[in-house]
Amino acid sequence: MVMSMALLLASAALSVVASGCVSEQTARPSNPYGICSHFTYSDYPTRETSARMIREAGAGWVRFDFDWTQIEPEPGSFTFEVPDDAVATAEKAGLSVCAIVGKQPRYAKPAYEHLDLWTNFVTTVVSRYKNRIRVWEVWNEPNNSGDPLNDPTNYLQVLRAAYMTIKAIDPTLFVTSGGIAGLGKRYVEPLLVLGAGAYFDAMNFHPYCIPQPPEEPLLNQIRWMREKMTEYGCGDKPIWATEMGWPTHHVSEGRDPGVSHTPVPESLQASYTARALGLAMAGGLDAFFIYNLRASERRLWDRESHFGLIRKNSEPKAAYYAYSAFTAARPAGSRQRTDLPWRQDSIFMPQWRRPGGEDAGMIWKTDGLALLVCTFKGDVRFVDMYGRRKSFAKVGEGAYRLHVGADPVYFCGAEFVSAKEEK
């Protein structure tokens, strides 16, 4: 029998007030890197290979759906074979799971008018996995869902009910808002005005900027999000981004893809991925997920089929190697150097301290190739965007002449001091 919504929320509220909050380890994970992979959909047959490749790329998280329509196709009839296999695969590879709950079945549309059914589903799923999955994302892109959840008032009811339900099960479980598609200014601010900040442990958004490079869009979105969260009383909470990426599909002759469907070359996908990772860490995101691991390659011209870091046959694309090189240069447990400047006009040079205490960072320039004389404090070594050792001419004490362009160069073992362009 389904508990009434009023009793459920009252019970949950008392439990949350009395029992504390999420753990610091979950709120600010030591490994902030995640990759989306459809373990419960198209990647189910290849999930073991996918999980291994995610882990080998240096990510600590995999994100996939716990689809209401799949798990409870009829009211009260639950099937867990697929999600059980997906969770076991992630665990075997040493990956933490960011679980998306959502996708209302036909008998519960719209979900905000069927909260008893919704909370019963959430209770059943979260109770089953509570000791194995610590992070729950409430819906995927509710502002882009094509149903009444496009209205933040409606989505708030779904978010609040899920949050209170999950916290009643275990107050230390971590709840993120549904990843907001784009910045969603017309959605996020009304949501915060309505008091949504009380019903998530992290604000979550999807800062796509296809086909643009990541610098200004990502940094501006993080800045705006932090300002609005502060304005509406939840500025101390983390910000996660659980999707971002660039597609590499083909454009058929005579087909107008539209701006948002414009593809990027695979080499540019690699460069944008590395730069986005560096910007996300420098900008203060607590977790950052690339969408996605495996390209389905259903159709050459279909954008959704070609976001992958690897091909359908598991062959890595350039972006997979770039992702792996970033996490090797800035491994889990690294700490961002917030005491150092990390931008000089079009030159970006975010820096961090690796777990063993070694200083490291990356440098790139967004408006063309330049010859820079860069000064470092320490015994510096260089690798390129793909993790290959790279040599530059030494021109003085700690000074090197670097050819710098859009593809980042990593420096390790030293602190970046200054850069001067040679004309």
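The values are calculated or read from the model by the stated rules, or taken from the named source; none is laboratory data. Remember, predicted model here, so these are calculated numbers, not experimental data. Using ideal geometry, Cβ is built from the backbone for each residue, glycine included, and neighbour counts are taken over all protein chains shown. Just so you know, the surface numbers come from the protein's heavy atoms only, side chains and all, with ligands and any DNA or RNA stripped out. Shrake-Rupley method; radii C 1.70, N 1.55, O 1.52, S 1.80 Å.
For the chain, the equivalent ellipsoid built from the Cα gyration tensor has semi-axes of 39, 23, 20 Å, listed from largest to smallest.
Rolled with a 1.4 Å probe across the full set of protein chains, the surface gives residue 417 an accessible area near 80 Å².
Could you look at the chain and say what percent of its accessible area is carbon and sulfur, using a 1.4 Å probe and all protein chains?
On the way: 8670 of 17240 Å².
Answer for the chain is 50 percent, counting heavy atoms of protein chains only.
Between 348, 78, 205, the Gaussian network model of the chain with springs among Cα atoms under 10 angstrom shows the greatest mean-square fluctuation at 78. Using the 1.4 Å probe convention, the accessible area of segment 207-257 works out to 44 Å² per residue with neighbouring protein chains retained.
Translational D (Stokes-Einstein, µm²/s) of segment 116-260 at 20 °C and 1.002 mPa s when Rh comes from the Kirkwood sum over C-alpha pairs?
Details: Rh = 16.4 Å.
In µm²/s, the coefficient is 131.
Principal-axis analysis of the Cα atoms of the chain puts helix 266-283 at an angle of about 80° to the longest axis. For segment 223-334, the fraction of C-alpha pairs farther apart than 18 angstrom is 56 percent.
If you bin the C-alpha pair distances of segment 148-219 every 10 Å from 0, what whole percents do you get? Histogram of Cα-Cα distances, whole percents per bin: 19, 46, 26, 9, 0.
Expressed as a whole percent, the proportion of Cα-Cα pairs in segment 365-416 lying more than 18 Å apart is 26%.
Taking segment 286-423, how much of its Cα-Cα pair set, in percent, is spaced more than 26 angstrom apart?
Working: 2984 of 9453 pairs.
Every Cα pair in segment 286-423 considered, those over 26 Å come to 32 percent.
Tell me the relative contact order for segment 287-391 as a rounded percent, counting alpha carbon contacts under 8 Å between residues six or more apart. Working shown, then result.
Details: 131 pairs, mean separation 18.6, N = 105.
Contact order relative to length: 18 percent.
Can you check what the Kirkwood hydrodynamic radius comes to for segment 87-151, Cα pairs only, in Å to one decimal?
So the Kirkwood estimate lands at 13.2 Å.
Shape analysis of segment 327-370 based on the Cα gyration tensor places the equivalent ellipsoid semi-axes at 22, 11, 7 Å, largest first.
Return the percentage of antiparallel bridges among DSSP beta bridges fully within the chain, rounded to the nearest 5 %.
On the way: 37 of 68 bridges.
Bridges in the chain that DSSP calls antiparallel: roughly 55 percent.
Convert 20 °C to kelvin, take the viscosity as 1.002 mPa s, use the Kirkwood radius over C-alpha pairs of segment 31-131 as Rh, and evaluate the Stokes-Einstein diffusion coefficient in µm²/s, rounded to a whole number.
Details: Rh = 14.1 Å.
Translational diffusion coefficient: 151 µm²/s.
Rounded to the nearest 5, what % of the DSSP beta bridges within segment 130-262 are antiparallel ones? Here the antiparallel bridges make up roughly 10 percent for segment 130-262. Sorted largest first, the principal axis extents computed over the alpha-carbon atoms of segment 23-78 equal 39, 31, 12 Å.
Send over the per residue convex hull volume for segment 102-186, Cα only, as a whole number of Å³. Can you show the working numbers first?
On the way: hull volume 7.6 nm³, N = 85.
Once divided by residue count, the hull of segment 102-186 is 89 Å³.
Computed from Cα positions, the angle between helix 115-129 and the longest principal axis of the chain comes to roughly 60 degrees.
For segment 51-101, what is the accessible area per residue in Å² when the probe is 1.4 Å?
On the way: 1760 Å² over 51 residues.
I get 34 Å² per residue for segment 51-101.
Report, in deg cm²/dmol and to the nearest 500, the calculated mean residue ellipticity at 222 nm for the chain, where each DSSP H run with n ≥ 4 adds -39500 (n - 2.57) and the sum is divided by the residue count. Can you show the working numbers first?
Working: 11 runs with 134 residues, N = 423.
Calculated at 222 nm, the ellipticity per residue is -10000 deg cm²/dmol.
Angle of helix 152-169 to the longest C-alpha principal axis of the chain, folded into 0 to 90 degrees and rounded to 10: 80°. Counted without the sites themselves, the longest stretch of the chain free of GluC sites (Glu not before Pro) in a DSSP loop having at most 10 other beta carbon atoms within 10 Å is 1-252.
Each 10 Å bin from zero holds the following percent of Cα-Cα pairs in segment 293-343: 23, 33, 23, 17, 4.
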